[in-house]
Amino acid sequence: QLQASGGGLVQPGMSLKLTCAASVRRFSGYAMGWFRQAPGKGREFVAGVSASGESIYYADFVSGRFTISRDNAKSTVYLQMNSLRPGDTAVYYCAAEPARSYHRVYTGGYDYWGQGTEVTVSS
């Protein structure tokens, strides 16, 4: 089970930190990812981190504004989002995938999904 939180309404240029708490056995064996779905659009990959935490990959639109991290001791993955734009408005989902490679980042094909947390960026 994945529980995402931290969404809200913020003004452009502000920051939010999303948290995803996982209730899984051996969290360190899962690659983790963040996705988002804007109104009227399909779900898209935002960021991913390998099971080891050493490999990270971001979608091009992130442009250095977001940081994904994980704390295996707390079974938690984070998404720090800075310099938010109206185009970042979406429901953000965390996802987990049993890692077939300890250092691989997955941009799709995740088996487990959280319920989503809504982020609205508006003045």
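The values are calculated or read from the model by the stated rules, or taken from the named source; none is laboratory data. Here the structure is a predicted model, which is why all the values come from computation and not from measurement. Here the Cβ is made from the backbone with ideal geometry for all residues, glycine too, and neighbour counts use every protein chain on show. For the accessible areas, the whole protein counts, side chains as well, though only heavy atoms, and no ligand, DNA or RNA atoms are used. Shrake-Rupley method; radii C 1.70, N 1.55, O 1.52, S 1.80 Å.
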query: Considering only residues of the stretch 65-81 that are among the charged types (D, E, K, R) and loosely packed, with under 15 Cβ neighbours inside 10 Å, which is nearest to GLN1 (Cα to Cα)?
result: LYS74
- prompt: Quick check, is LYS74 among the charged types (D, E, K, R), assigned to a loop (DSSP other than H, G, I, E, B) and modelled with pLDDT of 95 or more?
  reply: yes
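For the subset of the stretch 22-33 comprising residues that are open to solvent by 10 Å² or more (accessible area, probe 1.4 Å) and in a helix (DSSP H, G or I), which member is nearest to GLY53 (Cα to Cα)? So that I can check it myself, show each step before the final result.
Keep residues of the stretch 22-33 that are open to solvent by 10 Å² or more (accessible area, probe 1.4 Å), which gives 22-26, 28-30.
Subsequent filtering for residues that are in a helix (DSSP H, G or I) retains 28-29.
Details: SER28: 9, GLY29: 11 Å.
The qualifying residue nearest to GLY53 (Cα to Cα) is SER28.
Hey, does the stretch 102-117 have a residue that's more than 15 Å from GLN1 (Cα to Cα) and within 10 Å of the chain's Cα centre (by Cα)? Working first, answer last.
At the first step, the residues of the stretch 102-117 found to be more than 15 Å from GLN1 (Cα to Cα) are 102-109.
With within 10 Å of the chain's Cα centre (by Cα) added as a condition, the list becomes none.
Looking for residues that are more than 15 Å from GLN1 (Cα to Cα) and within 10 Å of the chain's Cα centre (by Cα), one finds none in the stretch 102-117, hence no.
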message: Tell me whether the stretch 8-22 contains one or more residues that are in contact (Cβ under 8 Å) with a residue 60 or more places away in the chain and more than 19 Å from ALA90 (Cα to Cα).
response: yes
- prompt: Conditions: (1) on the phi < 0 side of the Ramachandran plot; (2) over 14 Å from the mean Cα position of the chain (by Cα). GLY40 meets all but one. Number of the miss?
  reply: (1)
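Could you grab me the full set of residues in the stretch 97-106 that are open to solvent by 60 Å² or more (accessible area, probe 1.4 Å) and either of a type outside the set (Lys, Arg) or not in a loop (DSSP other than H, G, I, E, B) (or both)? Write out each step before concluding.
At the first step, the residues of the stretch 97-106 found to be open to solvent by 60 Å² or more (accessible area, probe 1.4 Å) are 100, 102-104.
Scanning the stretch 97-106 gives TYR102, HIS103.
Considering the stretch 82-96 alone, what residues qualify as being open to solvent by less than 10 Å² (accessible area, probe 1.4 Å) and either closer than 15 Å to VAL49 by Cβ or not aliphatic (A, V, I, L, M) (or both)?
So in the stretch 82-96, the residues open to solvent by less than 10 Å² (accessible area, probe 1.4 Å) come out as 84, 88, 90, 92, 94-96.
Of everything in the stretch 82-96, those that are open to solvent by less than 10 Å² (accessible area, probe 1.4 Å) and either closer than 15 Å to VAL49 by Cβ or not aliphatic (A, V, I, L, M) (or both) turn out to be ASP88, TYR92, CYS94, ALA95, ALA96.
Yes/no per residue for (1) at pLDDT 95 or above; (2) surrounded by 18 or more Cβ atoms within 10 Å (Cβ to Cβ); (3) not hydroxyl-bearing (Ser, Thr, Tyr):
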residue	(1), (2), (3)
GLN1	no, no, yes
PRO12	yes, no, yes
CYS20	yes, yes, yes
PHE35	yes, yes, yes
VAL49	yes, yes, yes
ALA59	yes, no, yes
SER63	no, no, no
message: Checking the conditions here, which among GLY109, GLY48 is assigned to a strand (DSSP E or B), of a type outside the set (Asp, Glu) and touching a residue at least 12 places away in the same chain (Cβ under 8 Å)?
response: GLY48
